[in-house]
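To start, the structure itself, in structure tokens.
The values are calculated or read from the model by the stated rules, or taken from the named source; none is laboratory data. Since the structure is predicted, the reported quantities are computational estimates derived from the model, not experimental observations. Note: ideal-geometry Cβ built from the backbone for every residue, glycine included; neighbour counts use all protein chains shown. Protein only, heavy atoms only, side chains kept; ligands, DNA and RNA dropped before computing areas. Shrake-Rupley method; radii C 1.70, N 1.55, O 1.52, S 1.80 Å.
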Amino acid sequence: DDRELLESAIRGMLYELDPHSSYLTPDQFDDLQVTTTGEFGGLGIEVGMENGFVKVVSPIDNTPAQRAGIQPGDLIIQIDQQPIKGLSLQEAIELMRGPKGSPITLTILREGVKAPIELELKRDIITVASVRGRMLQPGYGFLRISQFQSRTGEDLRSELAKLKANRSGLRGVVLDLRNNPGGLLGQAVKVADAFLEQGEIVSTRSRRAENVQRFNAKPGDLSGQLPIVVLINGGSASASEIVAGALQDHRRAVILGTKSFGKGSVQTIMPLPGHGAMRLTTARYYTPSGRSIQAKGIEPDIKVEQARIESIETLKRRRESDFRNALDNGDKKGNGKKPDAKPQAGKSKIGAEDEKPADKQDYQLSRALDLLRGLALLSGKMVTTTN
């Protein structure tokens, strides 16, 4: 029909331009808006598939799912009396989403409970945080940005404030941008601005010289000029590369990992009433030093491939304190000999604080933490927040 013919014509015209120009159907346009806003009508659960059923990974705090008592490990077998078996994960997710206030009935299986549990819920607006933070070790924070959505800048400020309020204080931050496909330009600018005092963050240049746009940092480094290590890899693209490139050019952070994806083009979304939208490439991104990200990406300052850590057994060696009649070191607190109690593996002291090992399965993160600790020791800075 005419509608299909028109959409196919638009799709064909855009397909030949470049890899990122495309036609979005109404459903694809709606999905894009959900991705960029991080908000949708639903229940608030992270899910996966197991044996043909939807398995709950975790309910999100303060959502209908959490209030209804849904627990990690629950298996959803029916949605509104419709069996899940045979549906794809995406199809099941679409059934659970819907307008705010609309009712939905879930039938779940729970380990230790013989009979299926039937729960009646009402959908609500779910906001997915794009930034997550935690302490790797006392004094060393970790911020993970999964995507640049409409609230990423605010989420970063909030998570950074929590790290600074930690009782151990904050000596440095690892900013993880690995496998972050990008998102909104404005939010990338806000994230970079959070760690910069002044200067250009990024510029966009189209074929017309008068259409150049420059985005500059505002005074005020939210981290207090603490050392930063940024993690990137081949999955870091677009907005992720803008942040990494800005912090690298201003020598504000050390970039660690592997070369980024190299998507340095700007797409403008043009809604087509009744026909979805058109995504058209309109400009290129340039870092503060004038580097084009397009097809080149960001080269890390320190290249570290992902790897697996294995412990190697070593022969037990004799030490000075093992010798018969060994001299003490003159310290009245001890005689220089081995204590009776064995020290706990993987722990040592920094001042009065115990270290906690980073994720041993994440080699790049472990190396980033090692580097961050060295930078922090050299800078001697620490930020604390008192209430």
Exercise. What residue among Gln149, Gln361, Gln225 has the largest mean-square fluctuation in a Gaussian network model of the chain, using Cα springs under 10 Å?
Worked result: Gln361
Seminar exercise, completed: Any chymotrypsin sites (Phe, Trp or Tyr not before Pro) in segment 260-333 that lie in a DSSP loop and have at most 16 other Cβ atoms within 10 Å would be Phe323
Problem set entry | Rg followed by Dmax, in Å, when the chain is reduced to its Cα trace | 26.0, 98
Seminar exercise, completed: By accessible area (1.4 Å), largest first, Met96, Met13, Met278 order as Met13, Met278, Met96
For this session: Could you work out the local net charge near Arg251, counting Lys and Arg as +1, Asp and Glu as -1, over the other residues with Cβ closer than 15 Å to its Cβ?
Result: -4
Problem set entry | Given 16 as the ceiling on other Cβ atoms within 10 Å, longest exposed-site-free region of the chain for GluC sites (Glu not before Pro) in DSSP loops | 198-304
Problem set entry | trypsin sites (Lys or Arg not before Pro) restricted to segment 11-114 and DSSP loop, no more than 10 other C-beta within 10 Å | Lys85, Lys114
For this session: When a/c is below 1.5 the answer is rounded, else prolate if a/b is larger than b/c, else oblate, so apply that to segment 88-233 with a ≥ b ≥ c taken from the square roots of the Cα gyration tensor eigenvalues.
Result: oblate
For this session: Could you tell me which of rounded, prolate or oblate describes segment 134-199, using a ≥ b ≥ c as the square roots of the eigenvalues of the alpha-carbon gyration tensor, with rounded for a/c under 1.5 and, failing that, prolate when a/b is larger than b/c and oblate otherwise?
Result: prolate
Problem set entry | Sparse-neighbourhood loop sites, trypsin sites (Lys or Arg not before Pro) in segment 203-282 - DSSP loop, at most 13 other Cβ within 10 angstrom | Arg207, Arg208, Arg251
Problem set entry | Percent breakdown of C-alpha pair distances by 10 Å bin, ordered from the shortest bin, for segment 80-130 | 21, 45, 31, 4
Seminar exercise, completed: Share of accessible surface on carbon and sulfur in the chain, whole %, 1.4 Å probe and ligands ignored, is 50
For this session: State in Å² the accessible area per residue of segment 1-114; use a 1.4 Å probe, count heavy atoms of protein chains only, and round to the nearest integer.
Result: 59
Seminar exercise, completed: Classified through the alpha carbon gyration tensor (a ≥ b ≥ c as square roots of its eigenvalues; rounded if a/c is under 1.5, else prolate when a/b is larger than b/c, else oblate), segment 65-109 comes out oblate
Exercise. Taking a 1.4 Å probe, which of Tyr15, Tyr140 shows the most accessible area, and what order do the others take after it?
Worked result: Tyr15, Tyr140
